[in-house]
Amino acid sequence: MYKPIEIAKGVFSVGCRDWDIRDFHGYSTYEGTTYNAFLVLGEKNVLIDTVKEHFGDELLANISKIIDPKLIDIVISNHTEMDHSGSIPKLMHKIGEDKPIYCSKMGAKNIEAHFNRKFNFQVVGTGDTLKIGNRTFSFLDTKMLHWPDSMFTYLAEEAILFSSDAFGQHYAGDMFFDDEIGDEIMPHARKYYANILLHFSPRVQALLKDVAKLNLKIDMICPDHGIIWRDNPSKIIDAYDTWSRQEPTRKVVIIFDSMWESTAKMARAITSGVESEDVNVRLMNTRKWHRSDIMTEILDAGAIAVGSPTLNNNIFPVIADVMTYIKGLRPQNKIVAAFGSYGWSGEAVKILNKDFEEMKLTIIDPGVKIQYVPDEADLERCFELGVKLAKTLKEKLS
Ligand code: FEO
């Protein structure tokens, strides 16, 4: 159970911790996650977001530790993905089906589509406010961060930004706030950005500019996952600015799978070539590394090399999995090269190059193909590919 805590006067965190989840639609959540929801007490009581369906009873139990859930007057739904909307039907049944749900236009559409029923939707967008007694809730449309319905809610008097998925982390530890966990949270936030928001980086840049123009005082950022930023909210805002710029760093990520160790030998030779140029390198065997951890390393890499043996005239299934995942998240501003061993047809390098072209990444070499087992000369070619990747990257960064 999650112990509700008062995070500001009359504002409570009442969500749930999911200690067990290890796969969040393809993202490895080694430390579980939380589904945060926030209860704001006042002349009218407001609940911001709900939790995954099977945590619905727990949410109601948490709220009951503070007030009778029937005393909730208004629900705000910042985001309708089911980890935040799944328990809306149970909640509304408990508090009264006709109570208003404030959400974006797409939010109303989504909730209706998810549950095949209408509620008392109050559609809001950027510039709309809801004044209740001495509390003012303002809404900010954050379309495609990361769903069409996404929005933020800002509670002016407490200077709290309820940011939905943005600024979150999949982390279900024993702490609630950034100052309790310190820098240990940043790798979780970075992984979350790389795997959920990278695709929408141009929107993140635009949103950060919009928020700066609004000149909002932000004392606390409450995302729907993970810890609350209260000590230094600008730390995560600055990190989002950096990550969304997708500026390359002096780092090469080499991703490979191997059938009979030939492509593995090639990957190691390329790694040595990169190292010989004093450029940082990460060698990632797709049988050992989860796709979401590979994606996290790609976030700030300046170069990527991908190696696959040819199997049945195609790339290896695990490489296809990783490439599909990377493609969807649209990393930009990287130089790339392909490599791989083959027996008789050798299509893998060609297929990988086609993937790179579709991703609009810069291919710096046609790629290295080696039949069966690499000999010394072959490994030297791989070493030289590593050198070329490193040198090209250094030139680009100079
Ligand atoms: Fe945490 Fe987009 O849901």
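Taking the stated definitions as given, is residue 12 touching a residue at least 12 places away in the same chain (Cβ under 8 Å), open to solvent by less than 40 Å² (accessible area, probe 1.4 Å), within 16 Å of the ligand (Cβ to nearest atom) and touching a strand residue (DSSP E or B) at 6+ places or on another chain (Cβ under 7 Å)? First the steps, then the outcome.
Values: touching a residue at least 12 places away in the same chain (Cβ under 8 Å): yes; open to solvent by less than 40 Å² (accessible area, probe 1.4 Å): yes; within 16 Å of the ligand (Cβ to nearest atom): no; touching a strand residue (DSSP E or B) at 6+ places or on another chain (Cβ under 7 Å): yes.
For residue 12, the condition - touching a residue at least 12 places away in the same chain (Cβ under 8 Å), open to solvent by less than 40 Å² (accessible area, probe 1.4 Å), within 16 Å of the ligand (Cβ to nearest atom) and touching a strand residue (DSSP E or B) at 6+ places or on another chain (Cβ under 7 Å) - is not met.
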In contact with a Pro (Cβ under 8 Å, 6 or more places away or on another chain), at pLDDT 95 or above and within 25 Å of residue 280 (Cβ to Cβ) - does that describe any residue in region 370-377?
-> no
Matching residues in region 113-155 - criterion: being within 16 Å of the ligand (Cβ to nearest atom), of a type outside the set (D, E, K, R) and under 25 Å from residue 11 (Cα atoms) = 142, 145, 150, 151, 152, 153
Looking at this structure, is residue 50 in contact (Cβ under 8 Å) with a residue 24 or more places away in the chain, assigned to a strand (DSSP E or B), within 16 Å of the ligand (Cβ to nearest atom) and open to solvent by less than 30 Å² (accessible area, probe 1.4 Å)?
-> no
Find all pairs meeting these conditions: Cβ atoms under 6 angstrom apart; at least six residues apart or on different chains; first residue within region 58-87 and over 17 Å from residue 117 (Cα atoms); second residue of a type in the set (S, T, N, Q) and away from the ligand (no atom under 16 Å from the Cβ).
-> 71/45; 72/45; 73/45
Working carefully through the options 24, 55, find the one that is within 16 Å of the ligand (Cβ to nearest atom), touching a Cys at 6+ places or on another chain (Cβ under 8 Å) and not hydroxyl-bearing (Ser, Thr, Tyr).
-> 55
If you check residue 237 against the conditions, is it modelled with pLDDT of 95 or more and within 16 Å of the ligand (Cβ to nearest atom)?
-> no
Test each condition in (1) open to solvent by less than 40 Å² (accessible area, probe 1.4 Å); (2) assigned to a helix (DSSP H, G or I) for residue 114 and report the one that comes out false.
-> (1)
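Please go through region 340-398 and give me each residue that is basic (Lys, Arg) and assigned to a loop (DSSP other than H, G, I, E, B), ordered by number. Even if it seems obvious, please write down each step before you answer.
At the first step, the residues of region 340-398 found to be basic (Lys, Arg) are 350, 354, 360, 369, 381, 388, 391, 394, 396.
360, the sole residue that qualifies.
On the basis of being away from the ligand (no atom under 16 Å from the Cβ) and not in a helix (DSSP H, G or I), does residue 218 make the cut? If you could, list the steps in order and put the result at the bottom.
Working: away from the ligand (no atom under 16 Å from the Cβ): yes; not in a helix (DSSP H, G or I): yes.
So residue 218 fits the description; yes.
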Within region 188-215, tally of residues that are modelled with pLDDT of 95 or more, within 16 Å of the ligand (Cβ to nearest atom) and out of contact with any helix residue (DSSP H, G or I) (no Cβ under 7 Å at 6 or more places or on another chain) | 5
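From 313, 285, grab the single residue that is open to solvent by 10 Å² or more (accessible area, probe 1.4 Å) and at positive phi.
On the way: 285 fails: at positive phi.
Checking each option against the conditions leaves just 313.
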Take the residues in region 130-174 that are open to solvent by 50 Å² or more (accessible area, probe 1.4 Å) and more than 22 Å from residue 110 (Cα to Cα), then tell me which one is modelled with the lowest pLDDT.
-> 174
Subset of region 69-105 that is over 21 Å from residue 161 (Cα atoms) and touching a Pro at 6+ places or on another chain (Cβ under 8 Å) - its residue that is most open to solvent (accessible area, probe 1.4 Å) = 94
Do any helices (runs of 4 or more DSSP H) entirely within region 248-332 hold 1 or more residues that are in contact with a helix residue (DSSP H, G or I) (Cβ under 6 Å, 6 or more places away or on another chain) and at pLDDT below 95, and if so, which?
-> none
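Which residues, taken from region 175-186, are assigned to a helix (DSSP H, G or I), touching a residue at least 40 places away in the same chain (Cβ under 8 Å) and open to solvent by 20 Å² or more (accessible area, probe 1.4 Å)? Lay out the reasoning, then the answer.
In the first step, residues of region 175-186 are kept if they are assigned to a helix (DSSP H, G or I); the result is 178-186.
Subset that is touching a residue at least 40 places away in the same chain (Cβ under 8 Å): 178-181, 185-186.
Passing the criteria: 179, 180, 186.
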Yes/no for residue 63 being over 20 Å from residue 171 (Cβ atoms), surrounded by fewer than 21 Cβ atoms within 10 Å (Cβ to Cβ) and not charged (D, E, K, R) = no
Condition met for residue 297 (charged (D, E, K, R) and either buried (at least 21 other Cβ atoms within 10 Å of the Cβ) or within 29 Å of residue 179 (Cα to Cα) (or both)) | yes
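The values are calculated or read from the model by the stated rules, or taken from the named source; none is laboratory data. These numbers come from a predicted model, not from an experiment. In this analysis, Cβ positions are derived from the backbone assuming ideal geometry, glycine residues included, and neighbour counts consider all displayed protein chains. Accessible surface areas use protein heavy atoms only, side chains included; no ligands, DNA or RNA. Shrake-Rupley method; radii C 1.70, N 1.55, O 1.52, S 1.80 Å.
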